[in-house]
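Okay, so here's the structure we're looking at.
The values are calculated or read from the model by the stated rules, or taken from the named source; none is laboratory data. Model, not experiment: these values are computed from the prediction. Glycine gets a Cβ as well: all are built from the backbone with ideal geometry, and neighbour counts include every protein chain shown. Side chains are part of the model used for accessible areas, which takes the heavy atoms of the whole protein and leaves out ligands, DNA and RNA. Shrake-Rupley method; radii C 1.70, N 1.55, O 1.52, S 1.80 Å.
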Amino acid sequence: MSDGSLRVGLVTEVFPEPSDQPRLIELLDRAREGGAELAVLPELPLNGWAPGTKTARDEDAEPPGGPRQQQLADAARQVGIAVLGGAIVADADSGTRHNTAVLYDADGSELGRYRKVHLPEEEGYWETSHYEPGTDGPKVIDGLHLRVGLQICSDVNRPQGFQLLAAQGVEVVLAPRATPPATYERWRIVLRANAAMSAAYLISVNRPRPEPGASIGGPSIAIAPSGEVIAETTEPVHVVELRRDAVQHAAAEYPGYLKRFPRLYAEAWSRLDTE
């Protein structure tokens, strides 16, 4: 593809067992054969859904560069496609865990990572029992044909991350998730609003089915910078094309052209923190 477009494969499947590696390779191959240069996997794609219970296990987490991360990097290199995956990553010094999305290039090198900030704590989603909120704002990642930003699941329900990415010139936000089908329409509204507000594409890939303790499932979705839904699918692989000219058009139209006032926002938030 040219520098002005990026074909993305939505891979609506998880691979929690070592025996699932051939299936991961198979679906990445299908995405690449469909023209995809980037495959987006669901939230924590190589884990079972650990937050279905409040009990955190040692085997659910790994250090930076651990086996799940290495498996994703190896798969990207083997198939020759960029991959967005993730893992529960424990800090090497403190042991503090974070739900971490990691973006790998087609040669297996790491392009960037992001730690989930907004964590639910409710039936089926006992996430604060498993990892801590991230402490860094999202940053735009270069290296693909479009400028990429990362969010994870519940982060989309607080739009500050999208605002920060939009101010950095993001062109596509990747937001893997694990959400229940019963609330999908609410998620759909929020996702569309974030795409339109940030004048960027939004790709959100869901875990595909219920897991112990959690009712998970429902479509993965691709949304244009206008807020229009361009794909909505439960198929294991679906490929969409994203174009820079659509981002540029949305940025020139309302509300994309509205000026941002970062100093005003920062000062207002700072006052709230001290009051």
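Checked against the criterion of being in contact with a helix residue (DSSP H, G or I) (Cβ under 8 Å, 6 or more places away or on another chain), surrounded by fewer than 22 Cβ atoms within 10 Å (Cβ to Cβ) and touching a residue at least 40 places away in the same chain (Cβ under 8 Å), region 36-43 contains not a single residue that satisfies it. Across region 61-70, the number of residues qualifying as open to solvent by less than 10 Å² (accessible area, probe 1.4 Å) and part of a helix (DSSP H, G or I) comes to 1.
Yes or no, residue by residue, for (1) part of a helix (DSSP H, G or I); (2) open to solvent by less than 20 Å² (accessible area, probe 1.4 Å); (3) in contact with a His (Cβ under 8 Å, 6 or more places away or on another chain):
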| site | (1), (2), (3) |
| --- | --- |
| D155 | yes, yes, yes |
| G161 | yes, yes, no |
| L165 | yes, yes, no |
| V170 | no, yes, no |
| T179 | no, yes, no |
| A182 | yes, no, no |
| R186 | yes, no, no |
| L191 | yes, yes, no |
| A195 | yes, yes, no |
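Scanning region 127-153 for residues that are in a helix (DSSP H, G or I) and either open to solvent by less than 50 Å² (accessible area, probe 1.4 Å) or in contact with a helix residue (DSSP H, G or I) (Cβ under 7 Å, 6 or more places away or on another chain) (or both) yields E127, S129, C153. Counting just the residues of region 246-264 that are charged (D, E, K, R) and farther than 19 Å from G149 by Cβ, which one comes out most open to solvent (accessible area, probe 1.4 Å)? It comes out as R263.
With crowded, with 22+ Cβ neighbours inside 10 Å and in contact with a Ser or Thr (Cβ under 6 Å, 6 or more places away or on another chain) as the only criterion, which of L10, L6, L84 stands out?
Values: L6 fails: in contact with a Ser or Thr (Cβ under 6 Å, 6 or more places away or on another chain); L84 fails: in contact with a Ser or Thr (Cβ under 6 Å, 6 or more places away or on another chain).
Within the list L10, L6, L84, the selection yields L10.
Annotation note: Cβ proximity below 7 Å between a residue of region 127-153 that is without any contact (Cβ under 8 Å) to a residue 12 or more places away in the chain and a residue that is assigned to a loop (DSSP other than H, G, I, E, B) and crowded, with 19+ Cβ neighbours inside 10 Å (sequence gap 6+ or interchain) occurs for T128/L119.
Check G124, G213 and return the single one that is more than 23 Å from V83 (Cα to Cα), open to solvent by less than 10 Å² (accessible area, probe 1.4 Å), modelled with pLDDT of 95 or more and more than 15 Å from the chain's Cα centre (by Cα).
On the way: G213 fails: open to solvent by less than 10 Å² (accessible area, probe 1.4 Å).
The unique qualifying residue is G124.
If the condition is being acidic (D, E) and under 17 Å from P45 (Cβ atoms), then region 208-229 contributes only E211. The listed residues are G108, G161, and the only one of them that is on the phi > 0 side of the Ramachandran plot and small (G, A, S) turns out to be G108. Candidates S226, S270: the one that is in a helix (DSSP H, G or I), more than 30 Å from G124 (Cα to Cα), among the small types (G, A, S) and open to solvent by 30 Å² or more (accessible area, probe 1.4 Å) is S270.
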